[in-house]
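Everything on this sheet refers to the single structure shown next.
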Amino acid sequence: MAVPKKKTSKGKRNQRHAHWKAKAATAAQKALSVGKAVLSGRAQGFVYPMDSDEEADD
């Protein structure tokens, strides 16, 4: 079975954790941006289905 040869330092562990958190924050920011664009009607290049009932009511 594979085992690490040396103990990973606290700094390296914290660096990995910070990188993981930064990626999550970036993904959340992009998702919020896309959601705002869709709700405001400014979305370009983002295709989503529209209900035909809503179009008929307007």
So how do 28-40, 2-14 stack up, highest first, on mean other-Cβ count within 10 Å?
-> 28-40, 2-14
Any chance you could give the angle, 0 to 90 degrees and rounded to 10, that helix 10-40 forms with the longest Cα principal axis of the chain?
-> 0
Normalise the Cα radius of gyration of the chain by 2.2 N^0.38 Å (N = residues in it) and let me know the number.
-> 2.12
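Measuring with a 1.4 Å probe in the full set of protein chains, what accessible area per residue, in whole Å², belongs to the chain?
Numbers: 5950 Å² over 58 residues.
That works out to 103 Å² for each residue.
The values are calculated or read from the model by the stated rules, or taken from the named source; none is laboratory data. In this text the structure is predicted, and so the values were computed from the model without any measurement. Backbone-built Cβ (ideal geometry, glycine too); neighbour counts: all protein chains shown. The protein model used for the area step is the full one, side chains on, heavy atoms only, and it has no ligands, DNA or RNA in it. Shrake-Rupley method; radii C 1.70, N 1.55, O 1.52, S 1.80 Å.
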